[in-house]
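Only one structure is covered here, and it is reproduced in the block below.
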Amino acid sequence: MSLEITKPLKIGYERVCNCPPQHINCLTAKEWVQSQVAIWEFFYEKRDIRDKNIHPAVFPIGLPKRCIQLFTHEGELVLDPFVGVGTTLVAAFDLNRNAVGFDLKKEYVDFSNKRVAQVKLDAYGEKPQASTIQIAVCDDAHNIPEYLQAETVSLAVTSPPYANMLNRPRLNKSIRGDLRRNQHFLKIQQYSNDPRDLGTMEPKKYAQVLGEIYKGILPLLKPKAHSIINVTDLWWKEGKYGRRIPVHLYVIEEMEKAGYELRNIIIWDRRDVVNKVGIFGWPSNYITLGTTFEYILDFWRPP
């Protein structure tokens with residue numbers, strides 16, 4: 001099904017399953033237990049976008065899929081404020097959830113909508129049978145409240161740009177020395193030069209603006225609806241030894257100012273996707289390999 005872009009959007013948000021009213025998801029007790037460990041691993045599948053020429057930083061379908069399974073029911077509405085190439089929309093389709101995503105970059109929005117259309121074509125052929133809608137909208141995330149009604153969103157899940165991490169030449173220091181000079185070496189893989197783009201901002205400003213956006217999203221969430229933000233800390237080359245920028249702490253602080261409550265901190269264990277790593281810091285400056293993990297911050301709208 002397609003959707004005309006109106007304000008507000010006419011998109012479903014009510015559960016269509018037969019789960020008991022007090023349940024927060026459709027999972028069985030056994031499935032629930034499997035997600036209680038606070039270290040998560042994901043494996044990329046064929047439908048995942050891995051080409052950095054299309055998008056420089058894409059998370060696997062498995063990440064939003066697990067969050068959608070944990071915090072929503074079939075038929076409910078999922079929001080991705082920074083949709084990129086539509087990974088959250090694909091996960092929502094797989095799980096029979098409605099979903100809407102927003103992005104400043106028209107190329108990403110067009111790619112997302114074509115990607116979802118192809119997924120539906122692969123699933124159903126020429127005759128669409130899905131009862132749910134997944135769509136990307138080209139607009140500033142600050143304007144999301146214009147598109148959605150109050151207390152209709154059951155989950156917000158996203159992996160926003162990681163501040164200005166990409167706004168510098170790519171040195172590939174996490175890759176073994178003789179493999180660093182690949183096609184992306186010394187290139188700047190910035191999302192855009194739009195001053196509204198979170199990827200152009202220094203970390204504290206980035207967290208502040210993220211908080212502003214989520215303050216506008218808060219009334220759209222149902223009470224106790226969760227907001228998942230996937231972020232990573234930065235290593236900044238400054239002085240002789242460099243320094244670590246705790247972006248996840250800045251984000252937590254600004255989200256709490258915006259009215260959210262932190263519920264869980266989950267570690268995304270990325271060791272399975274990091275191969276042939278480089279050695280840096282040795283022998284005098286111990287630095288952990290930041291590419292091996294990221295934070296999945298789980299907030300909710302307090303009841």
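So here's what we get for this one:
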| item | result |
| --- | --- |
| Filter result for ASN96 (assigned to a loop (DSSP other than H, G, I, E, B), on the phi > 0 side of the Ramachandran plot and at pLDDT 95 or above) | yes |
| Tally, over region 8-45, of residues that are under 17 Å from LYS224 (Cβ atoms), hydroxyl-bearing (Ser, Thr, Tyr) and at pLDDT below 95 | 0 |
| Residue within region 252-266 that is over 23 Å from TYR13 (Cβ atoms), surrounded by 14 or more Cβ atoms within 10 Å (Cβ to Cβ), among the hydrophobic types (A, V, I, L, M, F, W, C) and in contact (Cβ under 8 Å) with a residue 40 or more places away in the chain present | yes |
| Selected residue (only one of ASN172, ASN164, ASN182 is of a type in the set (S, T, N, Q), crowded, with 18+ Cβ neighbours inside 10 Å and modelled with pLDDT under 85) | ASN164 |
| Of the criteria (1) touching a helix residue (DSSP H, G or I) at 6+ places or on another chain (Cβ under 6 Å); (2) modelled with pLDDT under 95, which one LEU121 fails | (1) |
| Positions within region 224-254 being of a type in the set (Phe, Trp, Tyr) and outside any strand (DSSP E or B), in sequence order | TYR241, TYR250 |
| Number of the condition not met by THR200 [criteria: (1) at pLDDT below 90; (2) polar (S, T, N, Q); (3) surrounded by fewer than 17 Cβ atoms within 10 Å (Cβ to Cβ)] | (3) |
| Scope region 1-42; condition within 29 Å of GLU294 (Cα to Cα) and surrounded by 13 or more Cβ atoms within 10 Å (Cβ to Cβ); matching residues | ILE24, ASN25, CYS26, LEU27, TRP32, SER35, TRP40, GLU41, PHE42 |
| Residue match in region 66-79 (condition: under 30 Å from ARG244 (Cα atoms) and either in contact with a strand residue (DSSP E or B) (Cβ under 9 Å, 6 or more places away or on another chain) or of a type outside the set (Asp, Glu) (or both)) | yes |
| Criterion: surrounded by 14 or more Cβ atoms within 10 Å (Cβ to Cβ), modelled with pLDDT under 70 and in contact with a helix residue (DSSP H, G or I) (Cβ under 8 Å, 6 or more places away or on another chain) - qualifying residue of GLN190, GLN208 | GLN190 |
| Qualifying residue in region 296-303 (condition: touching a Phe, Trp or Tyr at 6+ places or on another chain (Cβ under 9 Å), surrounded by fewer than 18 Cβ atoms within 10 Å (Cβ to Cβ) and of a type outside the set (S, T, N, Q)) | yes |
| Test: residue in region 273-285 that is of a type in the set (A, V, I, L, M), in a strand (DSSP E or B), farther than 14 Å from VAL157 by Cα and modelled with pLDDT of 85 or more | no |
| Residues located in region 255-271, provided they are assigned to a helix (DSSP H, G or I) and either at pLDDT 95 or above or closer than 12 Å to ASP298 by Cα (or both) | MET255, GLU256, LYS257 |
| Test: GLU14 is without any contact (Cβ under 8 Å) to a residue 60 or more places away in the chain, within 21 Å of THR132 (Cβ to Cβ) and not in a helix (DSSP H, G or I) | no |
| Among residues of region 126-138, those that are surrounded by 16 or more Cβ atoms within 10 Å (Cβ to Cβ) and more than 24 Å from GLU45 (Cα to Cα), counted | 2 |
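Every residue, every condition in (1) farther than 23 Å from ILE213 by Cα; (2) assigned to a loop (DSSP other than H, G, I, E, B); (3) in contact (Cβ under 8 Å) with a residue 12 or more places away in the chain, yes or no:
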site	(1), (2), (3)
THR88	no, no, yes
ALA92	no, no, yes
GLU107	no, no, no
SER112	no, no, yes
ALA117	yes, no, no
LEU121	yes, no, no
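Here is a yes/no grid of residues against (1) buried (at least 21 other Cβ atoms within 10 Å of the Cβ); (2) under 22 Å from CYS26 (Cα atoms); (3) β-branched (Val, Ile, Thr):
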| site | (1), (2), (3) |
| --- | --- |
| THR88 | yes, yes, yes |
| ALA91 | yes, yes, no |
| LEU95 | no, yes, no |
| ASN98 | yes, yes, no |
| VAL109 | yes, no, yes |
| TYR124 | no, no, no |
| GLU146 | no, no, no |
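The values are calculated or read from the model by the stated rules, or taken from the named source; none is laboratory data. Keep in mind it's a predicted model, so treat the numbers as computed, not measured. Note that we place each Cβ from the backbone using ideal geometry, even for glycine, and neighbour counts take in every protein chain shown.
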